[in-house]
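*Asks:* Sharing a structure with you now.
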Amino acid sequence: MARRWMRVLRTPLGLTTGVLVAAVVVLAIVAPILWGDRADAVDTDNILTGPSAEHWAGTDGLGRDIFFRSLVASRLSLELALVATVLGVVVGLLLGTAPLLVGRRLGRLVTAGVNIAVAFPGLLLALFFAVVFGVGATGAVLAIGLAGAPSFARLVQTLVAGVASLDYVSAARVAGVGRVRILLRHVLPNIAEPLVVNATLAAGGALLAFAGLSFLGLGVQQPSYDWGRLLFEGIGTIYVNPMAAFAPGLAVLIAGLAFNLFGESVAKGLGVTTVGGVPVLPANDAKRSGAGEDEHSTADAARPSPSDLVLDVQDLRVSFPGADGPIRPVRGVTFSVRHGEALGVVGESGSGKSLTALAVAQLIEEPGHVDAARLDFRGEDLREGPRAHRHLLGTSMAMVFQDPMTSFNPTRRMGGQLAEVAVHHQGMTRKQALARAVDRLRAVRVPDPEKRATQYPHEFSGGMRQRAMIGMGVMGNPSLIIADEPTTALDVTVQQQVLDLLQSIRDEDDVALVLISHDVTVVGEVCDRVLVMYAGRIVEDLPADQLDGGARHPYTRALVAAVPDMHTDLEQPLAVVPGRPVDPADVPVGCAFAARCPLADDHCRAVDPPLAPVGDGISVACWHAGEPLGLDEETGELMEAETV
Amino acid sequence: MSELRFDDVTVRYGTARRPFTAVDGVSLTVPAGQVVGLVGESGSGKSTLARAAVGLAPVHSGQILLDGEPVPRRGRVRPLQMVFQDPFSSLDPRMTIGESIAEPMPPGPSRAERKREVQRLLSLVHLDPVMAGALPGRLSGGQRQRAALARALAGQPKVVIADEITSALDVSIQGAVLNLVRELQRELGLSILFISHNLAVVRYVASHVAVMYQGQIVEQGPVSEVLVAPRHDYTRELLAAVPGSRPSPQAHPAATARSSS
Ligand SMILES: Nc1ncnc2c1ncn2[C@@H]1O[C@H](COP(=O)(O)OP(=O)(O)OP(=O)(O)O)[C@@H](O)[C@H]1O
Ligand code: SF4
Ligand SMILES: [Mg+2]
């Protein structure tokens, strides 16, 4: 937490504005103490003079020094802005958390009220309140504070609603924790960051608004003065002494911008959690380190790609800049997919399955970096960048994601969204494309496709949305479908339907399929061949029918034995893989699985085993491939079998 | 050991003009000290039924009884605890594991006693007691789900409702959590309503199973009967959809690991 804030301060903008904010605050504290007397000293000999060595910004109608007055005014300006901000935040918090505290019905009323208030322009509200509360500092504070409250209330409402629907709040309710306590313990701490950021932004806004009100004569009154008031007085004499208006104006600008930009940079800094302010690692750096590790990859890179391959990937690497050096979630993956083949990819969360798929589809975004010795799709080299192959990728490679809801635009009809693909990539007219969309929806067995095409994504059930997503993929004539956990969000019967659908598309058009899943049983049933990934590498590449009994790698065998099926022995515990997955920012030397492997020895911990063929169509990366394993009958942990 | 009984429970959502019945007259008993599996497609009302039991969903009609008495839905003592599906959202990211676990503890004991209890619960779910001071961000999915189980146990529940507690987990850790559920049930004699869409998982942990379809229970009975000789069409469909059930499974998958020992 503290580290994340430090990171904000390490960005140039964050640092500058942070220092500036601190300087303004210090100034506001010390200026009246140090220069209060000089700012109030009346000098009747020097009335309304211009800048001089004695008075840098000239003097006002009573001969008081404008430069010092501008410095001293920082106290009142800041004080009032802060009080107004606090008022706005407090009222906003009360209104924003009301729905949680007072129950549903009353809460709805409050929400409606806030929504109406938000619709009014803030300045208008401020002017309205300024008139209601009368001219003067108090009135202006109330005006600016209350004018800021609705938008803050709305923000709080949104944030609270987001947190309140999370399971840990439900869990607290089930535990019998009261509403106020839930608010204080669970909700507020979890929305504090955005609140603080927005309060900082609001403070900047309040500072400017206050200057505005005082300038209009609605704010601070004589003999007190803030920047707005000074500006008001200075404008009157602008032709005599421009500095009289310029000095307080500049002060307002600097302070206001400092708060605003600091808020912005904090918002930006905290929003980005993974990358931070570390410079992006230079591309050739990654290449060099990549090539250094595997000499063989460059050696056979010259081999012409056989024409029966849809996808040919060699030594694919994905890296991201991290706080302590590059993170390498995918570390040299080599595989190929033949026409019409179904390839499964399994492995635990974070093993790099999705990133491998995204890299192939050219969907890794900056600052991520993809590097490969070969990346051929239908004989074309994809390494030239996505732009060169947008057409090919758009029509011939289809991606299906786990959560189809986020893949569709919620505000547009399904038919139109599908049609767009064909308009863009196949040059169809809108009408043709719509007809094709309906036809494709029918092909993926969405019932009543004509009607469904006119509906919005939320009107589709999860399974149907997933089918529509596949339908979108087959708008063109794909030769490869990459499906990343396409059924994980679905329940079993629907999952089966979606898998059947993928299967039938494959059969009809000889389409190749890459099916990513963490469920070994699903992959085993659907695919011809399975890649097992661990810590960004392929540790085993085997025919699917070998999963049951033929797997050689200890990790693959544990994965298979960890899932119960309808024949699992009820007397035995399920297999357990002890320990934690490898952190891609901190990959150990030697075999990455060694820390969790019952067969690991010193050689494993020192030297990373290469993926090598061992017969039966299996390739495996393990020094002790296929050696016997036992199962601890108490804990389910795999162990080295006692050899005789 | 306690018995949880749903007696003709109906839960409705939506407005009075457009009501939507999520749970429709469900009667179901979780016998004392038994694990009852509840299966059915998503949207069939499994989670709603669970949430109604712990007071997170409004009961329209019917009764939810614990040992014959209505389940208390107010106050600090909650004999019914729930474990949620997603271990990444069910623990407050800003509270330490220890604080989260201590939350449902009944009021009374001193700080030191609570701390000891937290440690005991952590070892019960096979987590290192020093984890009490860690924030959830440092834990893996499986570890979090164990912590969530420990939190549920901290409320000294008579019945635990587990809603899809393994479906958000990686297969490699699913096994560990299922082992733990079986172990806790055996050692503490807990009654558990175990919701899952995976029949193989239910078969592994439960003694009874109830099949829910469109808000109603269409079939229930001992696992050995329902899964071997299903009577309702939907149950048959579910059974056919279990992954790996299609190609006749000759070999026992666990045998891969065990065969050679
Ligand atoms: N933008 C990013 N910046 C830094 N690291 C990232 C980024 N995206 C992913 N990673 C890291 O890369 C690793 C692999 O991620 P990936 O999404 O490929 O895993 P996965 O195998 O698909 O897992 P899951 O089963 O959970 O979907 C993870 O450790 C992840 O934290
Ligand atoms: S190489 Fe060694 S540590 Fe790695 S999986 Fe094989 S036996 Fe285990
Ligand atoms: Mg993924």
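The values are calculated or read from the model by the stated rules, or taken from the named source; none is laboratory data. Predicted model only: the values in this text are computed from it and were never measured. Every residue, glycine among them, receives a Cβ derived from its backbone with ideal geometry; neighbour counts consider all protein chains shown.
*Asks:* Could you list, in sequence order, all residues of the stretch A:528-561 that are assigned to a loop (DSSP other than H, G, I, E, B), more than 30 Å from A:A323 (Cα to Cα) and more than 9 Å from every other protein chain (Cβ to nearest Cβ)?
*Replies:* Residues of the stretch A:528-561 assigned to a loop (DSSP other than H, G, I, E, B): A:528, A:535-536, A:551-553.
In the following step, the residues that additionally are more than 30 Å from A:A323 (Cα to Cα) were identified as A:528, A:551-553.
Once the filter is applied, which keeps residues that are assigned to a loop (DSSP other than H, G, I, E, B), more than 30 Å from A:A323 (Cα to Cα) and more than 9 Å from every other protein chain (Cβ to nearest Cβ), the stretch A:528-561 yields A:D528, A:R552, A:H553.
*Asks:* I need the full set of residues from the stretch A:308-346 which are in contact with a His (Cβ under 7 Å, 6 or more places away or on another chain) and not in a strand (DSSP E or B), in order please.
*Replies:* A:D308
*Asks:* If we scan the stretch A:435-445, do we find a residue that is part of a helix (DSSP H, G or I), within 30 Å of A:L355 (Cβ to Cβ) and either assigned by TED's automatic domain parsing to the domain that holds A:V530 or within 16 Å of ligand 1 (Cβ to nearest atom) (or both)?
*Replies:* no
*Asks:* Here is a further query. Return only the number of the condition from (1) assigned to a helix (DSSP H, G or I); (2) within 12 Å of chain A (Cβ to nearest Cβ) that B:E225 does not satisfy.
*Replies:* Failed condition: (2).
*Asks:* Quickly run through the stretch A:356-376 and pick out the residues that are buried (at least 24 other Cβ atoms within 10 Å of the Cβ) and under 29 Å from A:T521 (Cβ atoms).
*Replies:* A:T356, A:A359, A:V360
*Asks:* For A:G340, state whether it is more than 12 Å from ligand 1 (Cβ to nearest atom), touching a helix residue (DSSP H, G or I) at 6+ places or on another chain (Cβ under 8 Å) and within 14 Å of another protein chain (Cβ to nearest Cβ).
*Replies:* no
*Asks:* Another question about this same structure. Check whether at least one residue in the stretch B:87-96 is surrounded by fewer than 24 Cβ atoms within 10 Å (Cβ to Cβ) and touching a residue at least 60 places away in the same chain (Cβ under 8 Å), and report yes or no. If you could, list the steps in order and put the result at the bottom.
*Replies:* Of the residues in the stretch B:87-96, the ones surrounded by fewer than 24 Cβ atoms within 10 Å (Cβ to Cβ) are B:88-89, B:93-96.
Subset that is touching a residue at least 60 places away in the same chain (Cβ under 8 Å): B:88.
Within the stretch B:87-96, one or more residues are surrounded by fewer than 24 Cβ atoms within 10 Å (Cβ to Cβ) and touching a residue at least 60 places away in the same chain (Cβ under 8 Å).
*Asks:* Do we have A:G350 as touching a residue at least 60 places away in the same chain (Cβ under 8 Å), in the same structural domain as A:I505 (by TED's automatic domain parsing), crowded, with 17+ Cβ neighbours inside 10 Å and within 16 Å of ligand 3 (Cβ to nearest atom) here? Don't jump to the end; show me each part of the working.
*Replies:* Details: touching a residue at least 60 places away in the same chain (Cβ under 8 Å): yes; in the same structural domain as A:I505 (by TED's automatic domain parsing): yes; crowded, with 17+ Cβ neighbours inside 10 Å: yes; within 16 Å of ligand 3 (Cβ to nearest atom): yes.
So A:G350 passes the test.
*Asks:* What is the number of the single condition among (1) outside any helix (DSSP H, G or I); (2) more than 8 Å from every other protein chain (Cβ to nearest Cβ); (3) away from ligand 3 (no atom under 16 Å from the Cβ) that A:P564 does not meet?
*Replies:* Among (1) outside any helix (DSSP H, G or I); (2) more than 8 Å from every other protein chain (Cβ to nearest Cβ); (3) away from ligand 3 (no atom under 16 Å from the Cβ), A:P564 violates only (2).
*Asks:* Which of the residues spanning the stretch A:465-498 are over 19 Å from A:S396 (Cβ atoms), assigned to a helix (DSSP H, G or I), away from ligand 3 (no atom under 16 Å from the Cβ) and modelled with pLDDT under 85? Spell out how you get there, then give the answer.
*Replies:* Taking the stretch A:465-498 and keeping what is over 19 Å from A:S396 (Cβ atoms), we get A:465-468, A:485, A:487-498.
Subset that is assigned to a helix (DSSP H, G or I): A:465-468, A:492-498.
Keeping just the survivors that are away from ligand 3 (no atom under 16 Å from the Cβ) gives A:465, A:467-468, A:492-498.
Residues satisfying the conditions are A:R465, A:R467, A:V492, A:T493, A:V494, A:Q495, A:Q496, A:Q497, A:V498.
*Asks:* Okay, next question. Looking at the stretch A:567-601, which of the residues that are hydrophobic (A, V, I, L, M, F, W, C) and facing another protein chain (nearest Cβ under 7 Å) is farthest from B:L239 (Cα to Cα)?
*Replies:* So the first thing to find is which residues in the stretch A:567-601 are hydrophobic (A, V, I, L, M, F, W, C), and the list is A:570, A:574-577, A:582, A:585, A:587, A:589, A:591-595, A:597, A:599-600.
Filter again for facing another protein chain (nearest Cβ under 7 Å), leaving A:570, A:574-577.
On the way: A:L570: 18, A:L574: 21, A:A575: 23, A:V576: 26, A:V577: 28 Å.
If we take residues in the stretch A:567-601 being hydrophobic (A, V, I, L, M, F, W, C) and facing another protein chain (nearest Cβ under 7 Å), then A:V577 is farthest from B:L239 (Cα to Cα).
*Asks:* Can you name every residue in the stretch A:488-527 that is within 13 Å of chain B (Cβ to nearest Cβ) and more than 30 Å from the chain's Cα centre (by Cα)?
*Replies:* Scanning the stretch A:488-527 gives A:T493, A:Q496, A:Q497, A:D500, A:Q503, A:T521, A:G524, A:E525, A:V526, A:C527.
*Asks:* Restricting attention to the stretch A:582-605, which residues are part of a loop (DSSP other than H, G, I, E, B), more than 16 Å from ligand 1 (Cβ to nearest atom) and among the hydrophobic types (A, V, I, L, M, F, W, C)? If you could, list the steps in order and put the result at the bottom.
*Replies:* Let us first name the residues in the stretch A:582-605 that are part of a loop (DSSP other than H, G, I, E, B), namely A:582-593, A:597-601.
Among the residues that remain, those that are also more than 16 Å from ligand 1 (Cβ to nearest atom) are: A:589-591, A:597-601.
Hits for the stretch A:582-605 are A:V589, A:C591, A:C597, A:L599, A:A600.
*Asks:* Out of curiosity, is A:V102 farther than 30 Å from A:L27 by Cα and at pLDDT below 85?
*Replies:* Numbers: farther than 30 Å from A:L27 by Cα: yes; at pLDDT below 85: yes.
So A:V102 passes the test.
*Asks:* Identify all residues within the stretch A:44-101 that are out of contact with any strand residue (DSSP E or B) (no Cβ under 9 Å at 6 or more places or on another chain), part of a helix (DSSP H, G or I), over 30 Å from A:T158 (Cβ atoms) and aliphatic (A, V, I, L, M); write none if there are none.
*Replies:* Passing the criteria: A:L71, A:V72, A:A73, A:L76.
*Asks:* Sticking with this structure for a sec: Please verify whether A:G579 is assigned to a loop (DSSP other than H, G, I, E, B) and either in contact (Cβ under 8 Å) with a residue 40 or more places away in the chain or within 11 Å of ligand 2 (Cβ to nearest atom) (or both), treating the condition exactly as stated. Steps first, answer last, please.
*Replies:* Details: assigned to a loop (DSSP other than H, G, I, E, B): yes; either in contact (Cβ under 8 Å) with a residue 40 or more places away in the chain or within 11 Å of ligand 2 (Cβ to nearest atom) (or both): no.
Spelling it out, it is not the case that A:G579 is assigned to a loop (DSSP other than H, G, I, E, B) and either in contact (Cβ under 8 Å) with a residue 40 or more places away in the chain or within 11 Å of ligand 2 (Cβ to nearest atom) (or both).
*Asks:* Can you pull out the residues in the stretch A:352-389 that are charged (D, E, K, R), in a loop (DSSP other than H, G, I, E, B) and over 16 Å from A:I327 (Cα atoms)? Walk me through it before giving the result.
*Replies:* Here is the first cut: in the stretch A:352-389, the ones charged (D, E, K, R) are A:353, A:365-366, A:371, A:374, A:376, A:378, A:380-381, A:383-384, A:387.
Checking which are in a loop (DSSP other than H, G, I, E, B) leaves us with A:365-366, A:378.
A:R378 - this is the single residue of the stretch A:352-389 that is charged (D, E, K, R), in a loop (DSSP other than H, G, I, E, B) and over 16 Å from A:I327 (Cα atoms).
Table: residues versus (1) more than 24 Å from the chain's Cα centre (by Cα); (2) modelled with pLDDT of 80 or more; (3) hydrophobic (A, V, I, L, M, F, W, C).
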{"position": "A:G249", "(1), (2), (3)": "yes, yes, no"}
{"position": "A:G256", "(1), (2), (3)": "yes, yes, no"}
{"position": "A:N260", "(1), (2), (3)": "no, yes, no"}
{"position": "A:V278", "(1), (2), (3)": "no, no, yes"}
{"position": "A:L281", "(1), (2), (3)": "no, no, yes"}
{"position": "A:D300", "(1), (2), (3)": "yes, no, no"}
{"position": "A:V313", "(1), (2), (3)": "yes, yes, yes"}
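*Asks:* With respect to A:R383, is the statement that it is basic (K, R), more than 14 Å from chain B (Cβ to nearest Cβ) and within 11 Å of ligand 1 (Cβ to nearest atom) true? Give the steps one after another, and end with the answer.
*Replies:* On the way: basic (K, R): yes; more than 14 Å from chain B (Cβ to nearest Cβ): yes; within 11 Å of ligand 1 (Cβ to nearest atom): no.
So A:R383 fails the test.
*Asks:* Scan A:G579, A:G617, A:G550, A:G630 and give me the residue that is on the phi > 0 side of the Ramachandran plot and away from ligand 1 (no atom under 16 Å from the Cβ).
*Replies:* Details: A:G579 fails: away from ligand 1 (no atom under 16 Å from the Cβ); A:G550 fails: on the phi > 0 side of the Ramachandran plot; A:G630 fails: on the phi > 0 side of the Ramachandran plot.
It is A:G617.
*Asks:* Let me ask you something else. Being within 12 Å of ligand 2 (Cβ to nearest atom) and either of a type in the set (A, V, I, L, M) or over 30 Å from the mean Cα position of the chain (by Cα) (or both), is that true of even one residue in the stretch A:557-564? Spell out the reasoning first.
*Replies:* Looking only at the stretch A:557-564, we keep the residues that are within 12 Å of ligand 2 (Cβ to nearest atom), and these are A:557-558.
With either of a type in the set (A, V, I, L, M) or over 30 Å from the mean Cα position of the chain (by Cα) (or both) added as a condition, the list becomes A:557-558.
Among the residues of the stretch A:557-564, at least one is within 12 Å of ligand 2 (Cβ to nearest atom) and either of a type in the set (A, V, I, L, M) or over 30 Å from the mean Cα position of the chain (by Cα) (or both), which makes the answer yes.
*Asks:* Determine which member of the set A:A161, A:A140, A:A119, A:A112 is small (G, A, S) and surrounded by 16 or more Cβ atoms within 10 Å (Cβ to Cβ). Talk me through it step by step, then tell me what you get.
*Replies:* Details: A:A161 fails: surrounded by 16 or more Cβ atoms within 10 Å (Cβ to Cβ); A:A119 fails: surrounded by 16 or more Cβ atoms within 10 Å (Cβ to Cβ); A:A112 fails: surrounded by 16 or more Cβ atoms within 10 Å (Cβ to Cβ).
Sole residue among the options that is small (G, A, S) and surrounded by 16 or more Cβ atoms within 10 Å (Cβ to Cβ): A:A140.
*Asks:* Being of a type in the set (D, E) and assigned to a helix (DSSP H, G or I) is the filter here; which residues of the stretch A:225-270 pass it? Walk me through it before giving the result.
*Replies:* First, the residues of the stretch A:225-270 that are of a type in the set (D, E): A:226, A:233, A:264.
Listed by number, the residues that qualify are A:E233, A:E264.
*Asks:* Filtering the stretch A:618-643 down to residues that are at pLDDT 90 or above and in a loop (DSSP other than H, G, I, E, B), which residue is nearest to ligand 3 (Cβ to nearest atom)?
*Replies:* Within the stretch A:618-643, the subset at pLDDT 90 or above is A:618-624.
In the following step, the residues that additionally are in a loop (DSSP other than H, G, I, E, B) were identified as A:621-624.
Numbers: A:A621: 21, A:C622: 24, A:W623: 28, A:H624: 29 Å.
Out of the qualifying residues, it is A:A621.
*Asks:* Looking at A:A164 and the list (1) within 14 Å of chain B (Cβ to nearest Cβ); (2) without any contact (Cβ under 8 Å) to a residue 40 or more places away in the chain; (3) in contact with a helix residue (DSSP H, G or I) (Cβ under 7 Å, 6 or more places away or on another chain), which single condition is not satisfied?
*Replies:* Just one mismatch for A:A164, condition (2).
*Asks:* Name the residue, out of A:G415, A:G394, that is surrounded by fewer than 20 Cβ atoms within 10 Å (Cβ to Cβ), small (G, A, S) and more than 16 Å from ligand 3 (Cβ to nearest atom).
*Replies:* Working: A:G415 fails: surrounded by fewer than 20 Cβ atoms within 10 Å (Cβ to Cβ).
After applying the criteria, what remains is A:G394.
*Asks:* Going through A:D500, A:D548, A:D507, A:D541 one at a time, which residue ends up being surrounded by fewer than 24 Cβ atoms within 10 Å (Cβ to Cβ), closer than 27 Å to A:A612 by Cβ, out of contact with any Lys or Arg (no Cβ under 8 Å at 6 or more places or on another chain) and in the same structural domain as A:L631 (by TED's automatic domain parsing)? Talk me through it step by step, then tell me what you get.
*Replies:* Working: A:D500 fails: closer than 27 Å to A:A612 by Cβ; A:D507 fails: closer than 27 Å to A:A612 by Cβ; A:D541 fails: out of contact with any Lys or Arg (no Cβ under 8 Å at 6 or more places or on another chain).
A:D548 is the lone residue from the list that is surrounded by fewer than 24 Cβ atoms within 10 Å (Cβ to Cβ), closer than 27 Å to A:A612 by Cβ, out of contact with any Lys or Arg (no Cβ under 8 Å at 6 or more places or on another chain) and in the same structural domain as A:L631 (by TED's automatic domain parsing).
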